[in-house]
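Working notes, beginning with the structure itself.
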Amino acid sequence: MNALEVTNLTKHFGTFVAVDNVSFTIPEGVIFGMLGRNGAGKTTTIRMLMNIYEMDAGTIKFRGNRVGQEFRDRVGYLPEERGLNTKMRVLDTLLYLAELKGKQGAAVKDKAMAFLTRFELDTRTRSKVQELSKGNQQKIQFISTILHDPDFIILDEPFSGLDPVNVNLFKDIILELKAQGKAIIFSTHLMEFAEKMCDHIALFHHGKVLLSGALAEVKQRFSSCNVVLHYEGSIEFLRSLPYIRKVQDYGNYCGITIAQRNDSQRLLRDVLNHDVVVHKFDANDISLNDIFLSQTGAQGEAA
Amino acid sequence: MINRGLFTVYKMHIKQQLLSKAFVVATLLMPVVMFGIIFIQAALMNISGAEKSHIYITSDDQNLLSSIEAQLQTRSEVSKGIYKMEYQLVSAAAFDEFLASKRADILANSNNGLFFIPGQALDDKAVRFYSTNLGNQILRQSMSETFNQVLNRDHFSTLGVPAADLEFAVKTIDIKGFTVSEHGAEQGSVGNTAVGFGMAFLLMFSIMGIVMPFSAAIIEEKTNRAVEVLLTSVNPKQLLAGKIMARVTTGVAQMFVWLLPLFVFVLFPASMALPPQFQIDLGPGIFLFFFANYVLGLCMLLAIWGGFSAMFDSTQDANQAMWPISMLMFVPFYAVFAVIRNPANSVAEILSMTPLTSLYVMPVRLATLAVPLWQPLVALAANGILVWLAIKAGGKIYRISILATGQQPSMQQFFKWLRQP
Ligand SMILES: Nc1ncnc2c1ncn2[C@@H]1O[C@H](COP(=O)(O)OP(=O)(O)O)[C@@H](O)[C@H]1O
Ligand SMILES: [Mg+2]
């Protein structure tokens, strides 16, 4: 059964179409990546899911029913523009937001303390939110997103503004939540994160979903005639080879489009002959970024 | 559940408001400040409002001067030394010189002054007054009363009118007030009037303290984006309603604390040894009306204020754009001046039933007059209707604008929103 079904969702701002007839489905228990460049329409779509914006057209169904307050009570939502009442105290903030979702009592408090400890904020429970650093405020907000034990978690650009240690901490928790069977949506313009974490994706571009589905299937669809090469050395010579259609170089790895499937054998031989050190040679593989670029024909911001 | 969110928002804000330092300080300090002001005023001023000052009385007629001096000694401002008097015989020719010698003292204090009562005044009652402050009606009135008495007495005594008749002629009239009610008539008191006006002032202070900061609170929640998360749990109406209810509760609690001494007066009149002219005689009706109307007024102003504030991204912008709305708060207060001279005038009667002005005017009328029951009910109903409209409009504006950032809505857009269902 699908956790969420979105059909023909549309949103205009004046004459501008921010979300244009978008459809996708999210199965239970997966991590779903909404990918796309800034301004692609991800946040607007999420806000319609959360009923923050009214949609102009379309339907959103949660477990077969149109979304309503019940859905919003079961959702944990981390907005792109973070925001907490800065004058409230840390623990009060967490308990208030959980109570708004219908969870209160000692159990919630214990859970809040456990999370605070995990994020090394257990000494700051009585601090006002404004006394915390931006990064720590983000942690508080992340805790508030999951504290009420939601079935469904929506994270809009969850990693932006975090240092690597905290990115890992967030990632670990997201994976734990997935292991608990929760469906997770996160939006990002960073393809690498999506590639590593997502089971399902939807690729947003100019308000439209260009493609969506299970990541493995999407990759399979685009991977024939594509090689991913992790290397050391110079691969400039590749561009002059007749059977090479395209080279997308990322420095220490690259995506190479070849003319025919079996050209991959020639390619490996040529690469070795040019003294390039090969760390990994993956025929019929493609990076999400290459798919994105091939679909949009644009230079992505992703790296 | 629809009202769980509302209740949670309410509970949080009540905690935030009632336990805030600002509230405790405002609530406890206010009575102290009020009594302080009254005390200081009383110390500076006697009941007639006379200010400490030097008054020179000059005349070119020694008899007249002596009579005036004797008569002035009977006035409390003089006998208590609030007016320090100096009497001087000055011929008309020497007057300019004398005035010049006192100019420095007259300039020193604008309440100082000099009167010249020539002997000629016995015929034409023409007196001259020298001061930097000719608008000092209190001084002019008390002096003119005295001069009139002296001049009348001197004038009529030369005509051979007996002294007793003279005293009768110069005596001022004393009208004692008796309030007539269905139970009879009793000696009137300024106590009720004072309570009526006191309540109007407290109302003004409370409304300012409760409503004005609402704007900043709404804008802060909007600009720090906390509202986006809140709105995934509660709808904008619940959020706004929860906030308004918390503030109304706070206001009522505050007003209750302020009026507590008055309740003691009313419930245990015997416990207060008030002189009869300050006796307070109020039923519970006025308080019921006062609190009911206060709640309505707060709801109305908070809904309008909160809704409009949500359109702005900074308090400065909001204050600039909302000054016409803030008039709704201040201007009605001035309606109390319509009742000062006569609580039963027909303008006051209308203002006591008009929305917003009724907040201030009706309590004064209820305290001083026997107002027919339908009038407070009309006042409540009128405010009630306006509250309903204000909540509808304010809620709508709030809902639409609380998440919109960046460009401010144009007038056109604004009215389009209001017309939307
Ligand atoms: N409230 C709004 N008013 C007008 N335009 C908006 C509003 N919100 C978003 N947009 C526009 O819609 C487009 C999609 O924005 P958004 O959904 O935030 O993109 P993303 O999250 O993918 O970066 C952008 O061009 C943005 O400028
Ligand atoms: Mg976004």
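The values are calculated or read from the model by the stated rules, or taken from the named source; none is laboratory data. Only a predicted model underlies this, so the values are computations on that prediction, with no experimental measurement involved. Counting neighbours? That spans all protein chains shown, and the Cβs are built from the backbone with ideal geometry, glycine included. Just so you know, the surface numbers come from the protein's heavy atoms only, side chains and all, with ligands and any DNA or RNA stripped out. Shrake-Rupley method; radii C 1.70, N 1.55, O 1.52, S 1.80 Å.
Given the options A:LYS134, A:LYS87, name the one that is away from ligand 1 (no atom under 16 Å from the Cβ) and either more than 10 Å from every other protein chain (Cβ to nearest Cβ) or within 24 Å of A:ILE201 (Cα to Cα) (or both).
On the way: A:LYS87 fails: either more than 10 Å from every other protein chain (Cβ to nearest Cβ) or within 24 Å of A:ILE201 (Cα to Cα) (or both).
Going through A:LYS134, A:LYS87 in turn, just one is away from ligand 1 (no atom under 16 Å from the Cβ) and either more than 10 Å from every other protein chain (Cβ to nearest Cβ) or within 24 Å of A:ILE201 (Cα to Cα) (or both): A:LYS134.
Just the residues that are among the β-branched types (Val, Ile, Thr), surrounded by fewer than 19 Cβ atoms within 10 Å (Cβ to Cβ) and within 14 Å of another protein chain (Cβ to nearest Cβ), please, taken from region B:200-255.
B:THR223, the sole residue that qualifies.
Is region B:273-281 home to any residue that is in a helix (DSSP H, G or I), at pLDDT below 85 and under 21 Å from B:PHE35 (Cβ atoms)? Steps first, answer last, please.
The first filter runs over region B:273-281 and keeps only residues in a helix (DSSP H, G or I), leaving B:276-278.
Still in the running and at pLDDT below 85: B:276-278.
After this cut, where a residue has to be under 21 Å from B:PHE35 (Cβ atoms) as well, the list is B:277-278.
Yes, because at least one residue in region B:273-281 is in a helix (DSSP H, G or I), at pLDDT below 85 and under 21 Å from B:PHE35 (Cβ atoms).
Is it the case, given these coordinates, that A:ARG72 is within 16 Å of ligand 1 (Cβ to nearest atom) and either within 30 Å of A:ASN2 (Cα to Cα) or hydroxyl-bearing (Ser, Thr, Tyr) (or both)? Steps first, answer last, please.
On the way: within 16 Å of ligand 1 (Cβ to nearest atom): no; either within 30 Å of A:ASN2 (Cα to Cα) or hydroxyl-bearing (Ser, Thr, Tyr) (or both): yes.
No, not satisfied.
Inspect region A:210-227 for any residue being among the β-branched types (Val, Ile, Thr), at pLDDT 90 or above, surrounded by 14 or more Cβ atoms within 10 Å (Cβ to Cβ) and touching a Phe, Trp or Tyr at 6+ places or on another chain (Cβ under 8 Å) and give the result as yes or no.
Quick first cut of region A:210-227, residues among the β-branched types (Val, Ile, Thr) only: A:218, A:227.
Those still in the list that are at pLDDT 90 or above too: none.
No.
If A:THR257 satisfies all but one of (1) β-branched (Val, Ile, Thr); (2) out of contact with any Phe, Trp or Tyr (no Cβ under 7 Å at 6 or more places or on another chain); (3) within 16 Å of ligand 1 (Cβ to nearest atom), what's the number of the condition it fails?
Only one criterion is unmet by A:THR257, namely (3).
Which of the residues that make up region A:170-187 are within 16 Å of ligand 2 (Cβ to nearest atom) and out of contact with any helix residue (DSSP H, G or I) (no Cβ under 6 Å at 6 or more places or on another chain)?
Step one: list which residues in region A:170-187 are within 16 Å of ligand 2 (Cβ to nearest atom), which gives A:185-187.
Those that are within 16 Å of ligand 2 (Cβ to nearest atom) and out of contact with any helix residue (DSSP H, G or I) (no Cβ under 6 Å at 6 or more places or on another chain): A:ILE185, A:PHE186.
Looking only at region A:57-71, how many residues end up being within 14 Å of chain B (Cβ to nearest Cβ) and open to solvent by 30 Å² or more (accessible area, probe 1.4 Å)?
So the count comes out to 3.
Show the residue pairs that are 6+ apart or on different chains and have beta-carbon atoms under 9 Å apart, the first residue being within region A:35-47 and in contact (Cβ under 8 Å) with a residue 12 or more places away in the chain and more than 14 Å from every other protein chain (Cβ to nearest Cβ), the second being near ligand 2 (Cβ under 9 Å from one of its atoms) and open to solvent by 20 Å² or more (accessible area, probe 1.4 Å).
A:LEU35/A:HIS189; A:GLY36/A:HIS189; A:ARG37/A:HIS189; A:ASN38/A:HIS189; A:ALA40/A:HIS189; A:LYS42/A:GLU80; A:LYS42/A:HIS189
Conditions tested, residue by residue: (1) within 23 Å of A:GLY29 (Cα to Cα); (2) at the interface with another protein chain (Cβ under 9 Å from one of its Cβ atoms).
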site: A:LEU78; (1), (2): yes, yes
site: A:GLU81; (1), (2): no, yes
site: A:ASP92; (1), (2): no, yes
site: A:LEU100; (1), (2): no, yes
site: A:LYS111; (1), (2): yes, no
site: A:PHE115; (1), (2): yes, no
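Could you grab the pairs with beta carbons closer than 6 Å, sequence gap of 6+ or different chains, first residue in region A:104-120 and among the small types (Gly, Ala, Ser), second one in a helix (DSSP H, G or I) and open to solvent by less than 30 Å² (accessible area, probe 1.4 Å)?
A:ALA112/A:LEU94
Name the strands (runs of 3 or more DSSP E) wholly inside region A:152-237 in which the number of residues that are within 15 Å of ligand 1 (Cβ to nearest atom), over 10 Å from the mean Cα position of the chain (by Cα) and in the same structural domain as A:HIS12 (by TED's automatic domain parsing) is 2 or more.
A:200-205, A:208-214
Of A:GLY39, A:GLY29, which residue is more than 8 Å from ligand 1 (Cβ to nearest atom) and under 16 Å from the mean Cα position of the chain (by Cα)?
On the way: A:GLY39 fails: more than 8 Å from ligand 1 (Cβ to nearest atom).
Answer to the check: A:GLY29.
Residues checked against (1) more than 28 Å from A:HIS279 (Cβ to Cβ); (2) within 14 Å of chain B (Cβ to nearest Cβ); (3) in contact (Cβ under 8 Å) with a residue 24 or more places away in the chain; (4) away from ligand 2 (no atom under 16 Å from the Cβ):
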residue	(1), (2), (3), (4)
A:ASP151	yes, no, yes, yes
A:ASN168	no, no, no, yes
A:PHE193	no, no, yes, no
A:HIS200	yes, no, yes, yes
A:LYS208	yes, no, yes, no
A:ASN226	no, no, yes, yes
A:HIS230	no, no, yes, yes
